[in-house]
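First the structure, in the form of structure tokens, and then the observations on it.
Computed from the coordinates by the stated procedures, all read-outs in this text should not be read as laboratory data. Remember, it's a predicted structure, so these values are computed and weren't measured experimentally. For neighbour counting, all protein chains shown are included, and Cβ atoms are generated from backbone atoms with ideal geometry for every residue, glycine included.
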Amino acid sequence: MAFSISPEVIPLQADANGVICVGGTRVTLETVIAAFSEGATAEEMVQQYPSLKLADVYSVIGYYLRRSPEVEIYLQNRKAQAQAVRQQNELRFDPQGLRERLLARRARQG
């Protein structure tokens, strides 16, 4: 019997907001790459995020290693988007004095 080599699909998919997740889970590509960059093994990632499959994590790491310039551009864009959302939220909801307002609300309720 001959051994056949067939291409495999990389287990990455974008959600409705363009966020790329791994293997049909809600674990983002950013999360896996950040953990990998910090030295975590694929096994440690699966232990940390049980919804991930070990083979999917290895596949995503391999994809990242082969296409790191493209993935890094995606990661930079996501970081910029997150910063923009953070700034919009801070404009809408002033964080100054938030703790005091929450404590005062709790005191009124209790």
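Within the range 5-27, the set of residues being within 15 Å of Val46 (Cα to Cα) and either of a type in the set (A, V, I, L, M) or buried (at least 16 other Cβ atoms within 10 Å of the Cβ) (or both) comprises Pro11, Cys21, Val22, Gly23, Thr25, Val27.
Any chance you could count how many residues in the range 1-23 are touching a strand residue (DSSP E or B) at 6+ places or on another chain (Cβ under 7 Å) and assigned to a loop (DSSP other than H, G, I, E, B)?
Count: 3.
Here's the yes/no breakdown for (1) surrounded by 10 or more Cβ atoms within 10 Å (Cβ to Cβ); (2) in a helix (DSSP H, G or I); (3) not aliphatic (A, V, I, L, M):
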residue	(1), (2), (3)
Ser59	yes, yes, yes
Glu70	yes, yes, yes
Ala82	yes, yes, no
Asn89	yes, yes, yes
Pro95	no, no, yes
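The set of residues in the range 1-51 being among the aromatic types (Phe, Trp, Tyr) and either under 18 Å from Glu72 (Cβ atoms) or in contact with a helix residue (DSSP H, G or I) (Cβ under 8 Å, 6 or more places away or on another chain) (or both) consists of Phe36, Tyr49.
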